[in-house]
Amino acid sequence: MKLTIERAALLKTLAHVQSAVERRNTIPILSNVLIDAGEGRLSLTATDMDLTVVDSVPAEIGEPGATTAPVHMLYDIVRKLPEGAQIELSSVGDGGQIKVEAGRSVFTLVTLPREDFPATGEVDLPHAFTLQPGELRNLIDRTRFAISTEETRYYLNGIYLHAVESGDIDVLRAVATDGHRLARFEMPLPDGAAGMPGVIVPRKTVNELRKLIDETDEAVGVSLSDTRIRFSFGATLLTSKLIDGTFPDYERVIPSGNDRIVRVRCQSFREAVDRVSTISSEKSRAVKLKIAAGAITLSASSAENDTATEEVEIDYDGPDMEIGFNSRYLLDITQQIEGEDARISLADSASPTVMSDVSDSSALYVLMPMRV
Amino acid sequence: MSALCRDCLARHEAPPQGASNRARGARCPACGGARLVAHPELDDLNIAHIDCDAFYASVEKRDRPELRDQPVIVGGGRRGVVAAACYVARLYGIRSAMPMFRALKACPDAVVIRPDMAKYQHAGHQIRDLMRELTPLVEPLSIDEAFLDLTGTEALHGGSPARSLARLVKRIEEELGLTASIGLSYNKFLAKIASDLDKPRGFAVIGRAEAAEFLADQPVRIVWGVGQALGAALARDGLRTVGDLRAREEIDLVARYGAIGRRLSRFARGIDERRVEPNAPTKSLSAETTFEQDIAASEALLARLWPLCEKVSARLKKAELAGISVTLKLKTAGFRQLTRSRRLATPTQMAEVLYRAAKPLLEREADGRHFRLIGVGASDLSEGELADPPDLFDPEREHQARVESAIDAVRAKLGDAAIAKGRGFETAARPVRGPRRKC
């Protein structure tokens, strides 16, 4: 194997694949990237067995061939090489090593045989549709913050993506929850998504996916089965296993009868929550909302009895009430509300509360109150 | 030089002949008692470490006077370890933390008593209350030992800290029938060392003038934080005594041993600036048990795990704390200890939640190996009111919380054995002593 490629092109391609690989790895081959040179292109593959990222880039191929090398080391080397450098990758001797040459820099890295790299056999992904990058970005941003990290309820460790009928239209829905808050985003069902199974996309995949979105302005191809999902961004392919579990019946926990409706300027509310929460204890992050006609009074106190209060103007004509929330959860949600006004629908101080963007019904958030 | 009689509390300006640090052989001119303590800095030292003598065993002997002259060991069954050995038992070489079978080999006639923690706790609290009458700056280290800072209490108690301490120990003896030893110095490190010098019923003083000389010949293991591993590392480098440490520059010790090098250097010079912290926050709560016979079967291990979860839960609830990290501890038959942790999404104080977190950790380890000990702990603690927040998908949890508080209420009224979940039945129902059923 022998090829030449410009540094920037190799760096970008390596960047796409390298973060799929765990930093601490007990299986040596999984620390490596598969380097495959053939037909005018260099193709790189990295995997952690659950998530596989493949990317390819044009290169000057001197001699086709394939090998595997430690991906983080290779990435660091390429990163440190001077801008504009032409990099030559070549097998050494019988292929036990790979040589990386650029200008006067020469590195030789120990390789592992291509045959040891986990096969990425063709998988059958019967459902396929496309999403605009903006749609996919919203789908992720509106829900990702609510993904649970709790290992015992592993089926909450991802975004639940499924097709459903909402009102009279078919929609693609993304839902994430950690039991304390829930985020739901929906958009018109793309062509080809009808009949797709409900799938849970793991958090790591979601995070890798999110990094790739900002680099593209072309439609993203999505194809899936009930065990795997693939996203394609031009030459970059991200294929992931899905979480094998049943997402709970989330509709059941979204209250429909909350009739105390608060309307508030979202930005003022978010900034007030942020200010007041400076005081609340590191662990509880609690803020109290005293809601009355015309105004919410936010307050927080610390274990040392430092206090903070701030009043925010609202539209509200229901009875006075008090309710407590984790300020971080309020901030996560209000950060996703881009419209001017937010709607907060409450029942009482112990029941789930619903928040949404008054001008955009695509996303809805449910928040469990805290005892304050 | 000042001297103090620990029997009549009389203070003597000019010490009687022969009085030294511990004033052996000298007699109190006032009462004729032999328990004099004399030291040039006696009136200038404020930090004390008080440690009860063979605490569990002493409580048992107090309550069963017929055992007074017998060797008494408090500890688990044959497989457990010695929790406390009375001074008679110590004549046979028995020490706390020694495996029970070895203790019984050394002294087959020893009276073995199962620990009654509730009783010891009660006595420990009584002692702590007496300490707090002396100063609010009481930092408990365990149920039967504490640091006290008596700075500025002379006017209040009408006497030096040394005298207040001697009176405290006298009260502990007279009112509670237990004995304790006192170490008096100018910092925590030396006070703790001192309390061990003159046990039992001791009163030892380490002053500023003699600290360096006293420490020079002590083994490095006397320094708080130097355990087996660090001790061995130091020995490899030729550092065996505190004097050896003192001969090195602080910067060299830090370079070689990391952050602890600073402590080694300062302690070796008798410097310890840690304050007596009355509210040292609890960092973790745990419970463990050593089996009568090694256990390999996962169901049997789980049955032992559950009551421990209940115990930790009860202690969390009592302390109004909640833990977000759950740690499972196992010790193999070969004495290899392993710990496995899991972080919860939200803090808990429920036995059920602790159990559900520890169970998969245990199941992963229960691969046929034999274990001699199991323990469970909660750490990364926060206020109890943050425990077990309502969950959108686990309405069961609130139900379970109510079940647990109902069980707690029954136990508070009728005792721990009054009610048990089926899960812990196998162990809970087994009589503590008496014949063991074959399973």
- Query: Of the residues A:Phe129, A:Phe145, A:Phe117, which single one is modelled with pLDDT of 95 or more, of a type in the set (Phe, Trp, Tyr) and in contact with a helix residue (DSSP H, G or I) (Cβ under 8 Å, 6 or more places away or on another chain)?
  - Reply: A:Phe145
- Query: So which strands (runs of 3 or more DSSP E) are wholly in the range A:155-247 and hold at least 3 residues that are farther than 23 Å from A:Gln18 by Cβ and not β-branched (Val, Ile, Thr)?
  - Reply: A:158-166, A:169-177, A:181-188
- Qualifying positions in the range B:367-394 - within 13 Å of chain A (Cβ to nearest Cβ) and in a loop (DSSP other than H, G, I, E, B): B:Ala387, B:Asp388, B:Pro389, B:Pro390, B:Asp391, B:Leu392, B:Phe393, B:Asp394
- Item | Qualifying positions in the range A:313-372 - within 14 Å of chain B (Cβ to nearest Cβ), part of a strand (DSSP E or B) and more than 25 Å from the chain's Cα centre (by Cα) | A:Ile323, A:Gly324, A:Met370
- Query: Which one of these does B:Arg275 not meet: (1) within 14 Å of chain A (Cβ to nearest Cβ); (2) under 30 Å from B:Leu150 (Cα atoms)?
  - Reply: (1)
- Note on the structure: Counting only residues in the range A:266-300 that are of a type in the set (Gly, Ala, Ser) and assigned to a helix (DSSP H, G or I), the one nearest to A:Gly339 (Cα to Cα) is identified as A:Ser268
- part of a loop (DSSP other than H, G, I, E, B), at pLDDT 90 or above, at positive phi and in contact with a strand residue (DSSP E or B) (Cβ under 9 Å, 6 or more places away or on another chain) - does that describe any residue in the range B:51-59? yes
- Task: Kindly indicate which of B:Ala345, B:Ala322 is part of a strand (DSSP E or B), out of contact with any helix residue (DSSP H, G or I) (no Cβ under 6 Å at 6 or more places or on another chain), within 14 Å of chain A (Cβ to nearest Cβ) and not basic (Lys, Arg).
- Result: B:Ala345
- Query: Got a sec? Which of A:Met49, A:Met1 is modelled with pLDDT under 95, out of contact with any Cys (no Cβ under 9 Å at 6 or more places or on another chain) and open to solvent by less than 30 Å² (accessible area, probe 1.4 Å)?
  - Reply: A:Met1
- Message: If I filter the range A:130-145 for residues that are within 14 Å of chain B (Cβ to nearest Cβ), touching a strand residue (DSSP E or B) at 6+ places or on another chain (Cβ under 8 Å), of a type in the set (S, T, N, Q) and under 30 Å from B:Pro360 (Cβ atoms), do I get at least one hit?
- Response: no
- Which ones in the range B:244-262 are under 25 Å from B:Ala191 (Cβ atoms) and open to solvent by less than 80 Å² (accessible area, probe 1.4 Å)? B:Asp244, B:Leu245, B:Glu250, B:Leu253, B:Tyr257, B:Ile260, B:Gly261
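Within the range A:49-70, count every residue that is touching a residue at least 60 places away in the same chain (Cβ under 8 Å) and out of contact with any helix residue (DSSP H, G or I) (no Cβ under 6 Å at 6 or more places or on another chain).
Looking only at the range A:49-70, we keep the residues that are touching a residue at least 60 places away in the same chain (Cβ under 8 Å), and these are A:49-57, A:62-67.
Those still in the list that are out of contact with any helix residue (DSSP H, G or I) (no Cβ under 6 Å at 6 or more places or on another chain) too: A:49-50, A:52, A:54, A:56, A:62-65.
Residues that pass the stated criteria total 9.
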- Evaluation of A:Leu209 against (1) open to solvent by 10 Å² or more (accessible area, probe 1.4 Å); (2) out of contact with any His (no Cβ under 9 Å at 6 or more places or on another chain) (one fails), failing number: (1)
- Residue by residue through the range A:299-327, note down the ones that are among the charged types (D, E, K, R) and either within 18 Å of A:Ile261 (Cα to Cα) or crowded, with 16+ Cβ neighbours inside 10 Å (or both). A:Glu310, A:Glu311, A:Glu313, A:Asp315, A:Asp317, A:Asp320, A:Glu322
- Message: I want to confirm something. Restricting to the range A:153-201 and keeping residues that are within 14 Å of chain B (Cβ to nearest Cβ) and without any contact (Cβ under 8 Å) to a residue 40 or more places away in the chain, which single residue is farthest from A:Met355 (Cα to Cα)?
- Response: A:Arg153
- Residues A:Arg252, A:Arg285, A:Arg275, A:Arg260: which one is touching an Asp or Glu at 6+ places or on another chain (Cβ under 8 Å) and charged (D, E, K, R)? A:Arg275
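Got at least one residue in the range B:349-360 being outside any helix (DSSP H, G or I), modelled with pLDDT of 95 or more and either open to solvent by less than 20 Å² (accessible area, probe 1.4 Å) or among the charged types (D, E, K, R) (or both)? Before the answer, list the steps.
Filtering the range B:349-360 down to residues outside any helix (DSSP H, G or I) leaves B:349-350.
Still in the running and modelled with pLDDT of 95 or more: none.
No, the conditions are met nowhere in the range B:349-360.
Table: residues versus (1) over 29 Å from A:Lys241 (Cβ atoms); (2) surrounded by 16 or more Cβ atoms within 10 Å (Cβ to Cβ).
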| site | (1), (2) |
| --- | --- |
| A:Gly103 | yes, no |
| A:Asp124 | no, no |
| A:Ala128 | no, yes |
| A:Arg137 | no, yes |
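The values are calculated or read from the model by the stated rules, or taken from the named source; none is laboratory data. Quick caveat: nothing in here was measured; it's all calculated off a predicted structure. A quick note on method: Cβ atoms are made from the backbone with ideal geometry, for glycine too, and the neighbour counts reach across all protein chains shown. Quick note on the areas: whole protein, heavy atoms, side chains included, nothing else; ligands and nucleic acids left out. Shrake-Rupley method; radii C 1.70, N 1.55, O 1.52, S 1.80 Å.
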